[in-house]
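Working notes for the structure below.
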Amino acid sequence: MDEWLISRLIASWRDQVWRNAIDRVVASQAERASLTQKVEKACLEIANSILFKR
């Protein structure tokens, strides 16, 4: 991978983390559990993709 692609991947990841944090701040207590599960599932999917476990 070249430097440009890696910088885009990092920027995209950082933006998603920021959106997840904002969603969590504005969510009600009841919605936070659901948001946490959604984020955890997305993280596991990314990890499996990186490790080629699909």
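The values are calculated or read from the model by the stated rules, or taken from the named source; none is laboratory data. Predicted model, so just to flag it, every value in this text is computed and none were measured. Counting neighbours? That spans all protein chains shown, and the Cβs are built from the backbone with ideal geometry, glycine included. Remember, those area values only see protein heavy atoms, side chains included, never the ligands or the DNA or RNA. Shrake-Rupley method; radii C 1.70, N 1.55, O 1.52, S 1.80 Å.
Out of the total accessible area of the chain (probe 1.4 Å, heavy atoms of protein only), what percent is carbon and sulfur?
C and S atoms contribute 63 percent here.
Given a 1.4 Å probe, how much area per residue of the chain is accessible, in Å²?
I get 94 Å² per residue for this part.
Rounded, prolate or oblate for the chain? Axes are the square roots of the Cα gyration tensor eigenvalues, ordered a ≥ b ≥ c, and the cut-off for rounded is a/c under 1.5.
oblate
Dipole magnitude of the chain about its Cα centre, charges +1 at Lys/Arg Cβ and -1 at Asp/Glu Cβ only, in debye to the nearest 20?
In debye, rounded to 20, the chain gives about 180.
Which value in deg cm²/dmol, rounded to the nearest 500, describes the helix-derived mean residue ellipticity at 222 nm for the chain, given -39,500 (n - 2.57) per DSSP H run of n ≥ 4 and division by the residue count? Don't jump to the answer; show the numbers that get you there.
Numbers: 2 runs with 46 residues, N = 54.
It lands at -30000 deg cm²/dmol.
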